[in-house]
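Notes follow the structure.
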Amino acid sequence: MCLGIPGRIVEIKDDTGLRMGTVDFGGVRRDVCLAYLDEDIQVGDYAIVHVGFAISKVDEDEAKRTFEILKEMSELDELEWLGDVADRSLEGGTAS
Amino acid sequence: MKYLSEYRDPKIARSLADQIRSTASRRWVLMEVCGGQTHTIVKQGIDELLHDAVEMIHGPGCPVCVTPLEQIDRALHIAARPDVVFTSFGDMLRVPGSESDLFQVRANGGDVRIVYSPLDALEIARRHPDKEVVFFAVGFETTAPANAMAVWRAKQLDVSNFSVLVSHVTVPPAMTALLASPDNRVQAFLAAGHVCTVMGWTEYEPLAATYRVPIVVTGFEPLDLLEGILMAVNQLEKGRHEVENQYVRSVRREGNRPAQDVIGKVFRLVDRQWRGIGMIPSSGLGLREEYAAFDAELKFGVSVVTATEPEECHAGDVLRGKMKPHECPAFGTLCTPERPLGAPMVSSEGACAAYFNYGRFRSAAAKA
Ligand code: SF4
């Protein structure tokens, strides 16, 4: 749970006073809290995301390079699996 | 050098490894703090590659591993209640409690759900006002900003059926405890890059000065680790003991201020029990008084639980770097990832699981 994964911010929105957004991780999209990033972040920026929270901005090259390395080290398998499981948890019923 | 070919940039890796070996005039003892770093080191064989120059001992930075047994038992107790939806990061589900684990509770009909973010747990609470939704808030400073925000939001939005079972730990007090121990062998630390992304590294400066130990803030990719090790070895050779930052891409000295603010609003420092290690003063985070209504321990009255660890498990020695996982008599026999005896065999950040998954069995023990 300490692994940070870089992704691209594709949407920034306000959820009743909390800055949220959608982040794309190589095709897998998740809702992410953006409250801990500087206010000047924009759609298209890259950030490192931990458990649904962006904790630092990174540049594009760095983000892509890290993403590739994580992929090569098969550290991203969990991301897709988790996406499914987490969505089912939200919908209700017991996820497996 | 068999592992070098697997690096994305084998040339740089080889050059860093050569520099480390030619710089080290003796074999230095380094500890990587973060379980994610342990995972990379063992997976990529960095410890074996640098065997003559450094001994890598694996630190306590696996949140799943250090969450106390009592807290797992409390989680199991709460999760079994029919009125509760129990939510957690996936890693926690297989951690053995005294008698069972969260998977078992789920198999017995408990509503236990894995969430991606603690805000998802809060969302479940908003969608199910008839249920008590509990989130297992564990981890180091990397998950603290997320968990703090979920509680802060719950209060702001007045979601009274949401609560958290908190078992947060912080890294610097654990490093202090290791350094202060009379049989400490650690000569330099690789501090955890993402913990420092949140907290910065000012907390480490007095540590480096007091114990005269180099601390290098390091990332978790293979090249980061090689570079961090080289920086630490350089300091050791020159007799320096400073905090240096290898992971400049993500870490600033002051850390992430907005995240620290929310952590400070919701949490306060408390003494914490570390599984396998024991009580470390002021080493954890607990909810502030203003957030007591969101404290699952109070809400469900599960404060007093006593638990005993299985005798065969040497997790405490592994977590303090006194024993390598494959030296544990239960390793790979009584204890495997399918049937873990102790928490370090569960999570991918646990040292025992890393050794098991990457084939470090007894044959390797002779070398280590
Ligand atoms: S191998 Fe298993 S029993 Fe031995 S210390 Fe690790 S978790 Fe405990």
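The values are calculated or read from the model by the stated rules, or taken from the named source; none is laboratory data. For clarity, every value in this text was computed on a predicted model and none was experimentally measured. Every residue, glycine among them, receives a Cβ derived from its backbone with ideal geometry; neighbour counts consider all protein chains shown.
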Within the stretch B:313-330, is there a residue that is away from chain A (no Cβ under 14 Å), at pLDDT 90 or above and closer than 21 Å to B:Ala144 by Cα? no
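Table: residues versus (1) away from the ligand (no atom under 16 Å from the Cβ); (2) more than 29 Å from B:Lys155 (Cβ to Cβ); (3) in a loop (DSSP other than H, G, I, E, B).
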position	(1), (2), (3)
B:Asp271	yes, no, no
B:Gly276	no, yes, yes
B:Pro281	yes, no, no
B:Gly284	yes, no, no
B:Tyr291	yes, no, no
B:Asp317	no, yes, no
B:Pro329	no, yes, yes
B:Pro337	no, yes, yes
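Residues are listed down the side, and each one gets a yes or a no for (1) under 30 Å from B:Val66 (Cα atoms); (2) of a type in the set (Gly, Ala, Ser):
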| residue | (1), (2) |
| --- | --- |
| A:Val10 | no, no |
| A:Asp15 | no, no |
| A:Arg19 | no, no |
| A:Asp24 | no, no |
| A:Arg29 | no, no |
| A:Cys33 | yes, no |
| A:Gly52 | yes, yes |
All but one of (1) within 14 Å of chain A (Cβ to nearest Cβ); (2) within 8 Å of the ligand (Cβ to nearest atom) hold for B:Ser348, so report the exception by its number. (2)
Taking the stretch B:229-248 and keeping residues in contact with a helix residue (DSSP H, G or I) (Cβ under 7 Å, 6 or more places away or on another chain), surrounded by fewer than 19 Cβ atoms within 10 Å (Cβ to Cβ) and in a loop (DSSP other than H, G, I, E, B) leaves B:His241, B:Glu242
It is to be established whether one or more residues within the stretch B:10-29 are without any contact (Cβ under 8 Å) to a residue 60 or more places away in the chain, surrounded by fewer than 23 Cβ atoms within 10 Å (Cβ to Cβ) and within 11 Å of chain A (Cβ to nearest Cβ). no
Test for B:Val138: is it assigned to a helix (DSSP H, G or I) and either within 9 Å of chain A (Cβ to nearest Cβ) or more than 19 Å from B:Gly276 (Cβ to Cβ) (or both): no
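Is it true that some residue in the stretch B:110-122 is within 14 Å of another protein chain (Cβ to nearest Cβ), free of Cβ contacts under 8 Å to residues at least 24 places away in the same chain and either outside any helix (DSSP H, G or I) or over 24 Å from the mean Cα position of the chain (by Cα) (or both)?
Yes, some residue in the stretch B:110-122 is within 14 Å of another protein chain (Cβ to nearest Cβ), free of Cβ contacts under 8 Å to residues at least 24 places away in the same chain and either outside any helix (DSSP H, G or I) or over 24 Å from the mean Cα position of the chain (by Cα) (or both).
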Complete set of residues in the stretch A:50-64 that are more than 9 Å from chain B (Cβ to nearest Cβ) and crowded, with 22+ Cβ neighbours inside 10 Å: A:Ala54
Can you tell me which residues in the stretch B:74-92 are within 14 Å of chain A (Cβ to nearest Cβ) and touching a residue at least 40 places away in the same chain (Cβ under 8 Å)? B:Ala79, B:Val84, B:Val85, B:Phe86, B:Thr87, B:Ser88, B:Phe89, B:Asp91, B:Met92
Could you tell me which residue of the stretch A:71-96 is modelled with the highest pLDDT, considering only residues that are more than 30 Å from B:Val105 (Cα to Cα) and facing chain B (nearest Cβ under 8 Å)? A:Glu72
All positions within the stretch A:26-49 that are more than 10 Å from chain B (Cβ to nearest Cβ) and either surrounded by fewer than 20 Cβ atoms within 10 Å (Cβ to Cβ) or outside any strand (DSSP E or B) (or both): A:Gly26, A:Gly27, A:Val28, A:Arg29, A:Leu34, A:Asp40, A:Ile41, A:Gln42, A:Val43, A:Gly44, A:Asp45
Residue in the stretch B:46-56 that is surrounded by fewer than 24 Cβ atoms within 10 Å (Cβ to Cβ), in a helix (DSSP H, G or I), within 12 Å of chain A (Cβ to nearest Cβ) and hydrophobic (A, V, I, L, M, F, W, C) present: no
In the stretch B:183-203, how many residues are within 24 Å of B:Arg27 (Cβ to Cβ) and at pLDDT 90 or above? 9
Here are B:Val186, B:Val195: which of them is of a type in the set (A, V, I, L, M, F, W, C) and closer than 20 Å to B:Val64 by Cα? B:Val195
Mind telling me which of the residues B:Glu309, B:Glu297 ends up being in contact with a helix residue (DSSP H, G or I) (Cβ under 8 Å, 6 or more places away or on another chain) and in a helix (DSSP H, G or I)? B:Glu297
For the stretch B:138-152, the count of residues that are crowded, with 24+ Cβ neighbours inside 10 Å, at pLDDT 95 or above and within 21 Å of B:Phe300 (Cα to Cα) equals 4
Pairs only if they're at least six apart or on different chains, beta carbon under 8 angstrom, first in the stretch B:334-351 and over 9 Å from B:Ala315 (Cβ atoms) and without any contact (Cβ under 8 Å) to a residue 40 or more places away in the chain, second within 7 Å of the ligand (Cβ to nearest atom) and assigned to a loop (DSSP other than H, G, I, E, B); list them, first residue then second. B:Leu334/B:Glu312; B:Leu334/B:Leu341; B:Cys335/B:Glu312; B:Cys335/B:Cys313; B:Cys335/B:Cys328; B:Cys335/B:Leu341; B:Cys335/B:Gly342
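Pick from the stretch A:4-14 the residues that are more than 9 Å from chain B (Cβ to nearest Cβ) and over 12 Å from A:Tyr46 (Cα atoms): which of them is surrounded by the most Cβ atoms within 10 Å (Cβ to Cβ)?
Selected residue: A:Ile12.
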Would you mind finding the one in B:Val213, B:Val251 that is within 14 Å of another protein chain (Cβ to nearest Cβ) and crowded, with 22+ Cβ neighbours inside 10 Å? B:Val251
Selection from the stretch B:116-131 of residues that are within 21 Å of B:Leu76 (Cα to Cα) and crowded, with 21+ Cβ neighbours inside 10 Å: B:Tyr116, B:Ser117, B:Pro118, B:Asp120, B:Ala121, B:Leu122, B:Ile124, B:Ala125
